[in-house]
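Novice: There's a structure below that I have some questions on.
The values are calculated or read from the model by the stated rules, or taken from the named source; none is laboratory data. No experiment lies behind these values; they were computed from the predicted model shown. When we count neighbours, we look across all protein chains shown, and the Cβ atoms used for this are built from the backbone with ideal geometry, even at glycine. What goes into the accessible areas is simple: the full protein's heavy atoms, side chains included, and nothing from ligands, DNA or RNA. Shrake-Rupley method; radii C 1.70, N 1.55, O 1.52, S 1.80 Å.
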Amino acid sequence: MENMLKRIDRSIAALLLLGFMTSLGNAVMNVVLQPYLKHLDLSPQDVGSLQLVMSASTALALVPSAYLADMHGRKRVALASLAFSAPGFLLVVLGDGAGPLYVGFALLGLGNALASVSLNPLLADVTPPEMLDSVASLSQILGLAGGSIGMALSWLPQLAASSLGGLVNAYRLFMLAGGVVSMASFPLLLAVRSRDVKGGKSFKLAFTRNTVLLSAVNAVTALGAGASVWMINYYFMLKFGVEAGELGSRMLAETLLMIPATSLAPVVSSRMGTLHAIVLMQAASIPLLLLTAWAPSFLASATAFTARSVLMNACNPLFWSLSMRLVGEEERSRYTMLSTLAWQLAGGFGSAIGGLLMGVNPDYPLYFTAIIYTAGVLLLYGLFKGKEG
């Protein structure tokens, strides 16, 4: 590790610092976004519809964003993402009425697409091949650290609400601070000496059977996640009356627990195989969704949901590893694009469904997700049993 740190040059350091700052700023914004929307008197259906708009915007922009990144340079496209993210963010935080919110979420989706296809590939471009694993690990650690700091600050709006004229104003100021931290990090890209390649081959959008099937499994999982997991903060507020402080503390605990859980996942995989490890952890998380709905208090419900999240998310690296073995090296970029498209679109529709169900009964989205996740686990095992290579 010491030798690796000595080899980190200006470009790598700038991108690692950018990742830390954006994780911190995004955590500050994300922990209060749904409480903010609820205090604007938005219904669960409204929140689900906003999530659908942002997901659809991201999904529809991914292919042209990838094309622009390849043709005109990833560094330029990453900087250009601010042209959409900044006004979108301001409309969400300062806008008045549903119209500005929908436009703001759509613009944020466009900015997310531009950033997602440029920042990680840019880090890979400037990192020597023999350092990729170490730099990727360091990037993840810094991201978790930044996110943890942001979540730890989640009590500040409640503490300052009385002096700022109420919770809505406190949430707005808190989100503005997070947005400033996140967007202020993008000028660090100017310090990056990129090796952007312009021109080149045109896109080839043919997909093999495994790519289509893996993306379909991802879509099923996203449909379930969108219905309840993406809206869990709104759920906790609606059912238990908690605010950003309690929600941020739960998210912080989840983040800290993810570190050892993710480290242990490869141990489970080495003993029982990658596919079986994924199926075991995902299946074990489903009863915890039901316990989340049945729990009598916020503490019990949050504990069950946090355990569920740790189990479900700890197997994400295993699913990535399985996918990379099942998909040919020449198709990995196309698989990533198709899988992301499937995730965004299915998750967005899931949020719309979850919002409608939550309007009828707060627990219905969790039941829906449990059913969809069960189908997803059976589908994954049925499709790829004996084929993991």
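Novice: Say we join alpha carbon atoms closer than 10 Å with springs in a Gaussian network model of the chain; which of 240, 349, 89 then has the biggest fluctuation?
Specialist: 240
Novice: Which number gives the lysine pairs in the chain that have C-alpha atoms under 30 Å apart and are eight or more places apart or on different chains?
Specialist: Lysine pairs meeting the criterion: 7.
Novice: May I pose another question? Rounded, prolate or oblate: which fits the stretch 94-168 when a ≥ b ≥ c are the square roots of the eigenvalues of the alpha-carbon gyration tensor, with rounded for a/c under 1.5 and prolate only if a/b beats b/c?
Specialist: It comes out oblate by the Cα gyration axes.
Novice: Within the stretch 29-53, which residues have the backbone N less than 13 Å from the label spot 7 Å out from residue 177 along Cα→beta-carbon, could you tell me?
Specialist: The answer is 29, 32, whose backbone nitrogens lie closer than 13 Å to the label point.
Novice: Next up: Return the carbon/sulfur percentage of the accessible area of the chain, one whole number, probe 1.4 Å, all protein chains in place.
Specialist: The C+S portion of the solvent-accessible surface of the chain is 67 percent.
Novice: Once you've got the GNM for the chain with C-alpha springs shorter than 10 Å, pick whichever of 274, 221, 369 has the biggest mean-square fluctuation.
Specialist: Among 274, 221, 369, the largest mean-square fluctuation in the Gaussian network model of the chain belongs to 274.
Novice: Now a separate question. Counting only heavy atoms of the protein chains, get the accessible area per residue of the stretch 231-387 (1.4 Å probe) and round it to a whole Å² value.
Specialist: With the other protein chains kept in place, the stretch 231-387 gives 43 Å² per residue.
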